[in-house]
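Derivation of every value follows stated rules applied to the coordinates shown; laboratory data play no part. These figures come from a predicted structure and were not determined experimentally. Here the Cβ positions follow ideal geometry from the backbone for every residue, glycine too, while neighbour counts run over all protein chains shown.
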């Protein structure tokens with residue numbers, strides 16, 4: 001199997017869940033009609049990894065098991081950059097802060113200045129790696145996206161205040177998990193929703209992480225274990 005990795009950007013997506021034990025809901029927004037990638041679709045906040053993300057200081061790291069699964073078939077430098085990108089995209093697109101109080105040790109990159117002004121450092125430990133998907137060939141943009149689930153209790157800001165959000169997503173709202181499929185969303189978002197529904201009341205990392213791998217020759221569902229062995233076919 002081959003993938004033209006020059007055409008694929010690493011990316012991170014965050015699914016924030018609230019009231020997970022009683023009436024779970026998730027945070028979603030709508031992409032603009034003129035967006036080059038998935039216009040008009042309802043999605044979770046997320047986006048591509050930036051070059052500065054690998055050098056951003058973290059108040060906490062991913063758990064060992066999540067970091068090991070991120071590292072499978074991935075440049076080791078991305079083990080930190082991917083969760084950093086998830087936290088940055090969450091901030092940019094929703095205005096929500098996944099962080100712990102702290103001082104930035106060096107000059108703050110432009111993309112992080114407004115986050116730093118909140119008085120927080122990015123907090124990766126609550127991010128639970130739950131899904132990975134590679135955009136199929138033939139799309140105008142291709143991403144190798146890692147999806148993270150995080151509980152709203154770990155958000156340091158008001159979860160109903162989206163005033164600091166950029167305009168990339170509109171109609172930001174908490175969608176009851178039971179009603180989410182009524183929205184116009186990409187196929188892969190529906191697949192991830194099924195995984196979230198299965199894990200809504202489980203705070204522990206999954207036994208393995210599904211990987212929807214769309215190579216140039218074929219598409220396969222694999223599972224990431226973090227053991228650096230061969231991929232297992234999803235059973």
Mean separation of Cα contacts under 8 Å, 6 or more apart, over the residue count of segment 116-197: relative contact order %:
24 percent
Once you've got the GNM for the chain with C-alpha springs shorter than 10 Å, pick whichever of 152, 191, 209 has the biggest mean-square fluctuation.
191
Would you order 88, 9, 69 from fewest to most other beta-carbon atoms within 10 Å of each residue's own beta-carbon?
9, 88, 69
FRET efficiency, 1/(1 + (r/R0)^6) with R0 41 Å, evaluated for residue 106 and residue 191 via beta carbons
0.55
Give the relative contact order (percent, whole number) for segment 43-108; include only Cα pairs under 8 Å separated by 6+ residues.
43 percent
Strictly greater than 20 Å: what percent of every Cα pair in segment 126-199 meets that?
46 percent
When the Kirkwood radius is taken over all Cα pairs of segment 55-158, what Stokes-Einstein diffusion coefficient follows at 25 °C and 0.890 mPa s, in µm²/s?
170 µm²/s
Within the set 82, 26, 188, GNM on the chain using Cα springs under 10 Å gives the largest fluctuation to 188
To the nearest 0.05, the calculated FRET efficiency linking residue 48 and residue 75 through their beta-carbon distance, R0 being 25 Å, is 0.95
If we count other beta carbons within 10 Å of each Cβ, what is the order of 21, 185, 61, fewest first?
21, 61, 185
Taking other Cβ within 10 Å of each residue's Cβ, how do 27, 222 sort, fewest first?
222, 27
Among 198, 12, 54, residue whose mean-square fluctuation peaks in a GNM of the chain (springs only between Cα atoms under 10 Å):
198
Debye calculation, C-alpha points only, no solvent: report log10 I(q)/I(0) for segment 23-205 at q = 0.08, 0.16 Å⁻¹, in the same order as the q values.
-0.24, -1.05
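Taking only C-alpha pairs under 8 Å that are 6+ residues apart, what is the relative contact order of the chain in percent?
29 percent
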